[in-house]
1. Assign one of three labels to the range 64-137, namely rounded, prolate or oblate, based on the Cα gyration tensor with a ≥ b ≥ c the square roots of its eigenvalues; rounded applies when a/c is under 1.5, prolate when it is not and a/b is larger than b/c, and oblate otherwise.
2. Per residue, what volume in Å³ does the Cα convex hull of the range 101-170 take up?
3. With +1 on each Lys and Arg Cβ and -1 on each Asp and Glu Cβ, and nothing else charged, work out how big the dipole of the range 1-85 is about its Cα centre, in Debye to the nearest 20.
4. Restricting to DSSP loop positions (anything but H, G, I, E, B) with no more than 11 other Cβ atoms inside 10 Å of their own Cβ, which trypsin sites (Lys or Arg not before Pro) remain in the range 115-179?
5. With Cβ to Cβ distances under 15 Å as the rule, what net charge do the other residues near residue 177 carry (K, R +1; D, E -1)?
6. For the range 125-221, state which GluC sites (Glu not before Pro) are in a DSSP loop and have at most 14 other beta carbons lying within 10 Å of their beta carbon.
7. Out of 119, 210, 153, any idea which swings most in a Gaussian network model of the chain, alpha carbons joined below 10 Å?
8. Filter 15/156; 2/131; 82/212 down to the pairs with a C-alpha to C-alpha distance above 27 Å, please.
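Quick note: the coordinates plus some simple rules give every number you see, no bench work behind them. In this text, all values refer to a predicted model and were calculated from it rather than measured experimentally. Backbone-built Cβ (ideal geometry, glycine too); neighbour counts: all protein chains shown.
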Amino acid sequence: MKGVLICGGTGSRLKPLTEVTNKSLLPVYDKPLIFYPLEILRRAGIRQVVIISGNEHVDQMAGFLGSGERFGCDFSFRVQEKPGGIAQALGLAEEFAAGDSVCAILGDNIFFDDLSPAIRSFKTGGHLFVKEVPNPSHFGVVEFDGEGKVISIEEKPTKPKSNFISTGCYLYDNSCFDIIRSLKPSARGELEITDVSGSYMRSGSLTATILKDEWIDAGTFERFYDATTLVRARRSS
C-alpha cells in the first residue's frame, strides 16, 4: 500500500496565515500539523508517500520535508495546479501508486484512534473512517443500515440522513483511479471524494470503521485552537 498525503487547497478559512505557508505546516502545539497524518501512515507501516500540494507553497513543503529519510520514508511530490477537489488531488497519485492500493489522508486531519489495524488488514474495495458529529451537514454524510452496511453517502447535504460523516482518511484499491477518471465535477466545480466512495458502495465493496476517540478537521481557527488544546492535554496526561 502507498500513502497519499493531500495538502492542496488554498486554506482560505485560515488566511492570512496561509498566505505565508501551507496550512499543513502551521504548528499544532509542538509539531507542524502535517506530522499528525504522516504519523498515521508511518504507524501503519507505509513508507512510500506522495505529498500533493498547491503550487503556492510546494517548494516550501518540499524544502521542509525533504526526501523523507529523516522520517524513515521515501517522499515524492505532486502539484495540484488548481483546487479541484480531493478526488482530483488523489488522481494525481496514479503513476506513483503503480497498481498498488492507497491510503489517502488529508494533511489537516488529526486522528486519536489507532487506524493501523484497519489499514494493515485492507485488501480490496474501499474503506472509510467514520465519526459521529453534531454538525454533519458540513461533511460527507454516511448512512448505515441496521447491519452496519453503508447504504448512502452524500456531500454536505442540507438534510443529513445521519450524524455520521466520512473523515479525511480513505482506503481504496487501485480501481479508484478508473473511478476518478469517470467523474464529472459537482455543482461546486470539484471532483468529489464522496463520489469515489459512492462508486464502491454501489458495487457492494465499501466498508467502514466507526471512530471512538477524538478526530479534528483543523481547517478553521476554532478547530486549530481545539487541536492544540487537545494535543497538549493528551501529551501531559
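1. rounded
2. Values: hull volume 7.7 nm³, N = 70.
Hull volume over Cα atoms, normalised by residue count, gives 110 Å³.
3. Working: 11 positive and 8 negative charges, 56 e Å.
The dipole of the range 1-85 has a size of about 280 debye.
4. Numbers: sites: 120, 123, 131, 149, 161; in loops: 123, 149, 161.
Loop-located and lightly packed - 123.
5. Values: positive: 2, 78, 181; negative: 94, 95, 100, 173, 178, 195.
For residues surrounding residue 177, the net value is -3.
6. Details: sites: 132, 143, 147, 154, 155, 190, 192, 214; in loops: 147, 190, 192, 214.
Listed in order of number, the matching sites are 147.
7. Looking only at 119, 210, 153, the largest GNM fluctuation is found for 210.
8. Numbers: 15/156 23 Å; 2/131 24 Å; 82/212 35 Å.
Where the Cα-Cα span goes over 27 Å, the pairs concerned are 82/212.
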